[in-house]
Amino acid sequence: MKTIVILFTIALQLNTTFFSEEKLPIDLKKSSIKWIGEYTFYFGGHEGFIKIKEGYLVKKNNVISGGEFVIDMNSITNTDIKKKDANEGLVNHLKDPDFFDVKKFPLAKISITKVEYSDKNNARFEANLTIKGITKPINFLAELNPEKKELKTRFKIDRTAWNVNYKSKFKDGAISDAIGFEVLIKL
């Protein structure tokens, strides 16, 4: 009987040591998502931020192995237009159906499905990105800093794959199909 108890205890310890998975909630106040939209035919564009509503990273075997972030599309802001009316006009237009249609789709989501490390501070992430109810796979490189408890990445997506289909009426003022994101996740 004593042998069975010892074996059970060892098995339990091995299970929690080698197979433990931990959800690490992100710090919503210190984490950020910056968006960048550019013009197609000349330099310039617009940028701003979108807030993360909730999220976590998954830590398994002492490394980040997954995670999920819910993004509040109603929180979209613009930081480059200083004139109040013009700024509000752009933000409201980004919320319209031909852009993000936030009335119908108030949330977006990133679900990390795979992480491949090249070293302890650099990894390639695969994820599913949901915008406007459409989920598509994306991948990006990220820098991880365990001491600062942060993850940084930059990537672009083709907005048309998520039905963000606004077309400018002016060829010279057309916006690029690419939307850039600069993401900082802090724990």
Can you report the number of residues in the range 100-152 which are over 17 Å from residue 35 (Cα atoms), touching a helix residue (DSSP H, G or I) at 6+ places or on another chain (Cβ under 8 Å) and assigned to a strand (DSSP E or B)? 2
Report yes if some residue within the range 64-76 is without any contact (Cβ under 8 Å) to a residue 12 or more places away in the chain, of a type outside the set (Phe, Trp, Tyr), surrounded by fewer than 19 Cβ atoms within 10 Å (Cβ to Cβ) and closer than 16 Å to residue 151 by Cα; otherwise report no. no
Matching option when the condition is surrounded by fewer than 16 Cβ atoms within 10 Å (Cβ to Cβ), in contact (Cβ under 8 Å) with a residue 24 or more places away in the chain, farther than 30 Å from residue 62 by Cα and not charged (D, E, K, R), among 133, 89: 133
Across (1) modelled with pLDDT under 95; (2) in contact with a Phe, Trp or Tyr (Cβ under 8 Å, 6 or more places away or on another chain); (3) not aliphatic (A, V, I, L, M), residue 146 clears everything bar (2)
Give all pairs with beta carbons closer than 8 Å in which a residue from the range 41-56 that is more than 30 Å from residue 21 (Cβ to Cβ) meets a residue that is loosely packed, with under 14 Cβ neighbours inside 10 Å and polar (S, T, N, Q); count only pairs at least 6 apart in sequence or on separate chains. 47/79; 48/79; 49/79
Expected output for the range 155-170 (first residue assigned to a strand (DSSP E or B), partner at pLDDT below 90, Cβ below 7 Å, 6+ apart or cross-chain) is 158/177
Out of (1) at positive phi; (2) out of contact with any helix residue (DSSP H, G or I) (no Cβ under 8 Å at 6 or more places or on another chain); (3) surrounded by fewer than 18 Cβ atoms within 10 Å (Cβ to Cβ), the one residue 61 does not meet is (2)
Among what's in the range 153-187 and is of a type in the set (Asp, Glu) and out of contact with any helix residue (DSSP H, G or I) (no Cβ under 8 Å at 6 or more places or on another chain), pick the residue that is modelled with the lowest pLDDT. 172
Residue 97 passes all but one of (1) more than 18 Å from residue 38 (Cα to Cα); (2) touching a residue at least 24 places away in the same chain (Cβ under 8 Å); (3) not in a strand (DSSP E or B); which number fails? (2)
Any residue at all in the range 48-67 that's more than 17 Å from the chain's Cα centre (by Cα), more than 23 Å from residue 159 (Cα to Cα) and not in a strand (DSSP E or B)? yes
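The values are calculated or read from the model by the stated rules, or taken from the named source; none is laboratory data. Keep in mind the model is a prediction, meaning the values are calculated, not measured. Virtual Cβ from ideal backbone geometry, glycine too; neighbours counted across all protein chains shown.
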